[in-house]
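To keep things clear, I will list the structure first and then write my remarks on it.
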Amino acid sequence: MRKKIIAGNWKMNKTPTETVTLIEELKPLVQNEKEDVVFCVPAISLAAALEAAKGSNIEIGAQNMHFEENGAYTGEIAPGMLTDIGVNYVIIGHSERREYFAETDRTVNKKVLKAFEHGMTPIICCGESLVQREQGVTIDWVRQQIKIAFLNVKKEQAKEAVIAYEPIWAIGTGKVATSAQAQEVCKAIRECIKEIYDSGTAKEIRIQYGGSVTADSAAELFSQDDIDGGLVGGASLKPDFGRIVNYR
Ligand code: PGA
């Protein structure tokens with residue numbers, strides 16, 4: 001049985017001080033032994049978040065990192081800097097990073113490889129635009145994103161990865177995918193992993209749905225066969241996140 005993983009993507013929200021306040025508020029609401037709960041906060045708040053989450057079930061994750069060890073990359077954060085303070089999860093290739101910061105499938109792959117090299121769990125994002133969905137190329141597109149993201153990733157590493165399927169048209173729009181739409185693509189992703197590796201790896205890898213998940217839609221989405229939890233943006237900043245984590 002795959003353990004569900006519910007992650008909050010705080011995006012560019014909350015100062016370090018506000019982060020501590022919100023974690024204190026959410027801590028009792030997100031208690032749940034059956035699931036992994038991760039808060040992906042802005043880089044500047046990681047240390048404060050780790051401190052605030054100490055002794056709770058909340059894991060802290062980053063929203064991005066560079067794929068080099070160190071060097072002349074002004075403004076960037078290296079993987080070893082994250083692990084040094086105790087960050088074990090990192091979102092990679094979010095569609096906002098692809099759209100606004102020119103991330104490509106190639107850089108996503110480099111970051112995924114680096115995350116594993118440093119013992120971090122990557123939350124690898126994929127998903128189609130509205131035009132792609134309307135053109136009927138969703139599955140082809142997502143399969144390509146997955147195939148490139150996993151280039152040279154070993155089987156033992158791949159099964160530890162988390163994939164977040166996030167249709168771009170559903171992110172921050174209030175237009176959640178239907179559970180059938182989400183399940184169809186998550187199932188196709190699992191089949192793709194089976195083709196790249198084997199059925200054992202496909203069975204173990206965790207696939208989240210993301211895009212306008214709310215406390216009202218979580219239960220149906222997360223109970224689909226191939227959906228192992230969610231990556232939650234807007235609703236992760238509110239007490240509602242407690243209801244999402246405790247959706248059953
Ligand atoms: P949303 O964001 O829940 O606000 O749609 C999800 C995400 O971008 O990860």
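The values are calculated or read from the model by the stated rules, or taken from the named source; none is laboratory data. All figures in this text were calculated on a predicted structure; none of them were measured in a lab. We place every Cβ from the backbone using ideal geometry, glycine too, and count neighbours over all the protein chains shown. Surface accessibility is based on the protein's heavy atoms, side chains included, excluding ligands, DNA and RNA. Shrake-Rupley method; radii C 1.70, N 1.55, O 1.52, S 1.80 Å.
The residue pairs whose first member lies in the stretch 11-31 and is within 16 Å of Gly55 (Cα to Cα), whose second member is surrounded by 12 or more Cβ atoms within 10 Å (Cβ to Cβ) and among the hydroxyl-bearing types (Ser, Thr, Tyr), and whose beta carbons are closer than 7 Å, counting only pairs six or more residues apart or on different chains, are Lys27/Ser56.
The residue that is most open to solvent (accessible area, probe 1.4 Å), among those in the stretch 214-237 that are part of a loop (DSSP other than H, G, I, E, B) and within 26 Å of Ile148 (Cβ to Cβ), is Asp225.
Going through the stretch 182-212 one residue at a time, which ones are assigned to a loop (DSSP other than H, G, I, E, B) and open to solvent by 10 Å² or more (accessible area, probe 1.4 Å)? I'd like the intermediate steps shown before the answer.
To start, the set of residues in the stretch 182-212 that are assigned to a loop (DSSP other than H, G, I, E, B) comprises 197-198, 205, 211-212.
Tyr197, Asp198, Ser212, listed by residue number.
Would you check if Thr178 is within 16 Å of the ligand (Cβ to nearest atom), more than 21 Å from Ala7 (Cβ to Cβ) and modelled with pLDDT of 95 or more? Lay out the reasoning, then the answer.
Values: within 16 Å of the ligand (Cβ to nearest atom): yes; more than 21 Å from Ala7 (Cβ to Cβ): yes; modelled with pLDDT of 95 or more: yes.
Against the criterion (within 16 Å of the ligand (Cβ to nearest atom), more than 21 Å from Ala7 (Cβ to Cβ) and modelled with pLDDT of 95 or more), Thr178 qualifies.
Can you find a residue in the stretch 167-178 that is within 21 Å of Asn152 (Cβ to Cβ) and crowded, with 21+ Cβ neighbours inside 10 Å? No - not one qualifying residue is present in the stretch 167-178.
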